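Contents: one structure, followed by commentary.
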């Protein structure tokens, strides 16, 4: 019988319940001095209680926003839970943020404090704090050289704040005041207008997601002794829910990967049972496997070819009876070997954050890796739907809606969502809130339909956003606006949906176009722009357009906005070629 997640009023109550059940069992793992070292559930609960009390002691009050700037590590989740336990609101920010990005988030959210992990991240954060009118506290996990701070900014050390009174029972009593409708976090995501918008996620929204995710795991795979490996940015709504609070719900262990470069080695070391991933990782792993097998040649190459053929046939429901002996042999040889490279205990890999090429999914399914593609938005905390074996896995779909989430298709094909998972709105942005929340329904901006088995098929996107292969949202209009401010650039189109980085199509200023060194002049202009952009926004390469974008060639609308689909059709092959250099 499937286990259901109990009803909780807030995320801290869920955590404390699991901590009481698990006690001294390991919970959070990090590699220090070459060894994986754990923090137990009981120790984590003590640190959460102590930090929550310290936040109140230094003057932070219920509803205050606290920015969290850190790479993935045990302290990230402890900080997140402690902020909520104090009745405050977490504002996670990306480690790739520039000072300007931090200034926007701090200014818009009105954050009264920031928690920062390291000197490297403090370098871009502290100048933003100094220009903020609301932020009065800096809490550092490691010693940082904050410099000479003004009187109105106080520096606190993590080690001191978590070493105070750890009264877990008192905390258990105090958090009864926090209800499902109360604000848990404000997660900033880019909009088509450029400035990131703060999505207000309440406790009930994330708990709704956890109930839906637990229902899938419990019904289709069983749930016990789960191990997660965390490597996607915890500041992203997908990892925040799926890679941090979902393991808490399952009473699972979380290992924090050392780096993306060491991810493959970490997978072999920690043997994860569930991984929350983005399509780009699978594309890289697929390329690595193909290259390895090609190098071995002979039998390995033959077995991979047979695995791909049988896997494709199985996916399409047409496995030949005479292929079953080979299928059994593959399970004992190639598939076992591949699974061992990925830890050997995986129940499922869940792909989200960006669209998945079905061919990549079928590749891994053929090698014995159960592969689930999900769909969501930060505005839905973020889970809306997910493939599951019991519904039949079709990787060209994103599966049926999760438990207690209503989805309908509007007359124009837009996917509309209703449920407790839907945000209460954008922070201090009533205009955008009114645009996307319509009579209790979230207008996703995505276009799609249901297939014959009730699975969602996404066919297009109404909203003008680029989603890179890691699931980061980038506003092309904002970058194009900055590019065309440069005197050398008359028009620009940024390109990079489902790609590892951005490239651009540029129309040079007519005067610049007359010069023989036009390419070099444009490169200098792009370099100036890149200096002001975050890592995910930088334009890595560009090509020149054959002609100006005009209404006559249908590359501009009557209101002089660029027509992306028309321009992409003309230049798509050349832009794609920039990724092969």
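The values are calculated or read from the model by the stated rules, or taken from the named source; none is laboratory data. All values derive from a computational prediction rather than experimental measurement. Every residue, glycine as well, gets a Cβ built from its backbone with ideal geometry; the counts of neighbours run over all protein chains shown.
Per-structure values
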| read-out | value |
| --- | --- |
| Selection status of residue 225, in a loop (DSSP other than H, G, I, E, B), farther than 25 Å from residue 425 by Cβ and not assigned by TED's automatic domain parsing to the domain that holds residue 56 | yes |
| Checking residue 444 against (1) farther than 22 Å from residue 573 by Cα; (2) surrounded by fewer than 21 Cβ atoms within 10 Å (Cβ to Cβ), the condition it does not meet | (2) |
| Pairs where the first residue, in the stretch 72-101, is free of Cβ contacts under 8 Å to residues at least 40 places away in the same chain and the second is assigned to a loop (DSSP other than H, G, I, E, B), C-beta under 6 Å, 6+ apart | 88/60; 88/64 |
| The stretch 314-343 residues that are more than 24 Å from residue 287 (Cβ to Cβ), paired with ones that are surrounded by 10 or more Cβ atoms within 10 Å (Cβ to Cβ) and modelled with pLDDT of 80 or more (beta carbon under 6 Å, 6 or more apart) | 319/313; 323/310; 326/306; 327/310 |
| Residue match in the stretch 522-538 (condition: over 21 Å from residue 100 (Cβ atoms), surrounded by 16 or more Cβ atoms within 10 Å (Cβ to Cβ), touching a strand residue (DSSP E or B) at 6+ places or on another chain (Cβ under 9 Å) and modelled with pLDDT of 90 or more) | yes |
| Subset of the stretch 481-498 [within 22 Å of residue 565 (Cβ to Cβ) and surrounded by fewer than 20 Cβ atoms within 10 Å (Cβ to Cβ)] | 481, 484, 490, 497, 498 |
| Enumeration of residues in the stretch 77-106 that are under 25 Å from residue 249 (Cβ atoms) and either surrounded by fewer than 20 Cβ atoms within 10 Å (Cβ to Cβ) or out of contact with any strand residue (DSSP E or B) (no Cβ under 7 Å at 6 or more places or on another chain) (or both) | 78, 81, 82, 85, 86, 87, 94 |
| Residue in the stretch 127-151 that is farthest from the chain's Cα centre (by Cα), counting only those that are surrounded by fewer than 11 Cβ atoms within 10 Å (Cβ to Cβ) and modelled with pLDDT under 90 | 151 |
| Scope the stretch 302-335; condition surrounded by fewer than 14 Cβ atoms within 10 Å (Cβ to Cβ) and under 31 Å from the mean Cα position of the chain (by Cα); matching residues | 316 |
| Tally of residues being surrounded by 23 or more Cβ atoms within 10 Å (Cβ to Cβ), at pLDDT below 95 and in contact with a helix residue (DSSP H, G or I) (Cβ under 8 Å, 6 or more places away or on another chain) across the stretch 214-229 | 1 |
| Single unsatisfied condition, residue 180 versus (1) surrounded by 16 or more Cβ atoms within 10 Å (Cβ to Cβ); (2) in the same structural domain as residue 46 (by TED's automatic domain parsing); (3) outside any loop (DSSP other than H, G, I, E, B) | (3) |
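Residue-wise test of (1) in contact with a helix residue (DSSP H, G or I) (Cβ under 6 Å, 6 or more places away or on another chain); (2) surrounded by fewer than 19 Cβ atoms within 10 Å (Cβ to Cβ); (3) assigned to a helix (DSSP H, G or I).
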site: 235; (1), (2), (3): no, no, no
site: 239; (1), (2), (3): no, no, yes
site: 249; (1), (2), (3): yes, no, yes
site: 272; (1), (2), (3): no, no, no
site: 289; (1), (2), (3): no, yes, yes
